[in-house]
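Take a look at the structure set out below.
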Amino acid sequence: MRNSHRRPRRNLYGTLATTLLLAPALTGCGASDQTSGASPSLAAAPALHNALPKSVKDSGVLAFAGDSHPPYRSVQADGSVTGIDRDLQVALGQVLGVRTEVKIVSNLPAALQGMLSGRYNAFNGPVEATAERERQFDTITWMTSRTSYVVPKDSDAHVSSAADLCGKRVAVVKASVVEGQLAKLSRYCTGHGKRAARSIGLDDTNATLLAARSGRADAAGMTQAAALDVTKAQPDTYGYVSQTEEQGATADHLALLVPKDSGLGPVLQKAFQRLFDRGEYRRIMKRWGLTDVMVDQPVLNIAGEES
């Protein structure tokens, strides 16, 4: 990426450790079997386990916050969580010699505040790594994405490109990278003599999709990965359009976040690097059809490097 790291590609992972990995998964909302999805090619790294904060080593658990956001996190009827996020957490837990647990929260602000108050150790996004966020959090970039807009196929909004969203109602997750990208699209609209898109801020991706399906919004804004997941799962119901660079789109750096004062940032970056080095990162991304948004290396605090 730069210096000792290369940038993400512009196109759109001792005995004590063994005991922890084989221990039963925690019960409760969002907890799932730690061994499901585990890779036999990953071994615990004692040095990284020893570098974890004492509270994490004592509990043997790394607690993640997460909102409902397929394909990153899908909450099943029994409360278990599946998705890219869960696969990555299991792999990171193997490397660190701890169990990982995800607790579902209502939205991004709840995840960020929950980390700052000590309820959770980490949040795996998708959230953009920005200089403002890096004042409070360490960020580990692990993928890129562009913004897309999902539109019901039976809609009468006549959206065949992102430019057609000028003057339309677009549901987005509050405080998300997509909300910022929609603002850029609106500036493109007004710069071309059209009305700005109207942003409808909601708590999670499912809510934005419901708004579009019910007619409350003309489209649901989300990451390209999420749009691909939705349209693949329901090809007869939804289509999507993507924002272009002319319309303000950028390839956003999406990252895992941990509180800056926790000491977890450098440890998790090294654990992620092991996933890259052993091919586990590519395996997980390929499983979810996201090889075109992979990065070359996981970078710690990329926004600070770019400023």
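Quick notes on this one:
- An ellipsoid equivalent to segment 137-213, defined through the eigenvalues of its Cα gyration tensor, has semi-axes of 22, 17, 11 Å when rounded to whole angstrom and sorted largest first.
- Using the Cβ-Cβ distance between SER55 and SER161 with R0 set to 51 Å, the FRET efficiency works out to roughly 0.55.
- In terms of surrounding Cβ atoms within a 10 Å radius of their Cβ, ARG216, ARG195 rank from fewest to most as ARG195, ARG216.
- Prolate/oblate/rounded call for segment 253-307, Cα gyration tensor, a/c under 1.5 rounded: prolate
- One equal scatterer on each Cα of the chain, no solvent, Debye formula: the resulting log10 I(q)/I(0) at q = 0.08, 0.11, 0.16 Å⁻¹ is -0.35, -0.65, -1.30.
- Using the Cβ-Cβ distance between SER117 and ALA47 with R0 set to 30 Å, the FRET efficiency from 1/(1 + (r/R0)^6) comes to roughly 0.50.
- A simple rule links phi to the HN-Hα coupling: the Karplus curve 6.51 cos²θ - 1.76 cosθ + 1.60 with θ = phi - 60°, which for segment 234-246 gives 9, x, 7, 9, 10, x, 8, 10, 10, 6, 9, 4, 4 Hz, with x for Gly and Pro.
- Shown is the FRET efficiency for ASP236 and ARG283, computed with R0 = 22 Å from the Cβ-Cβ distance and rounded to the nearest 0.05: 0.10.
- Segment 176-307: proportion of alpha-carbon pairs further apart than 18 angstrom, %: 66 percent
- Ranked list, fewest to most other Cβ atoms within 10 Å of each Cβ, for ILE140, ILE302: ILE302, ILE140
- The magnitude of the dipole of the chain, with charges of +1 and -1 set on the Cβ of Lys/Arg and Asp/Glu and taken from the Cα centre, is near 280 debye.
- Entries in LYS260/LYS286; LYS57/LYS103; LYS54/LYS270; LYS174/LYS286 that, when Cα-Cα distance is taken, lie over 23 Å: LYS260/LYS286; LYS174/LYS286
- Ellipticity at 222 nm from helices only: DSSP H runs of n ≥ 4 in the chain, each -39500 (n - 2.57), divided by the residue count, give -9500 deg cm²/dmol.
- With neighbours defined as other Cβ atoms within 10 Å of a residue's Cβ, the residues PHE276, PHE123 order from fewest to most as PHE276, PHE123.
Quick note: the coordinates plus some simple rules give every number you see, no bench work behind them. Nothing here was measured: the structure is a model prediction, and the numbers come from that model. FYI the Cβ positions are ideal-geometry reconstructions off the backbone, even for glycines, and counts take in every protein chain you see.
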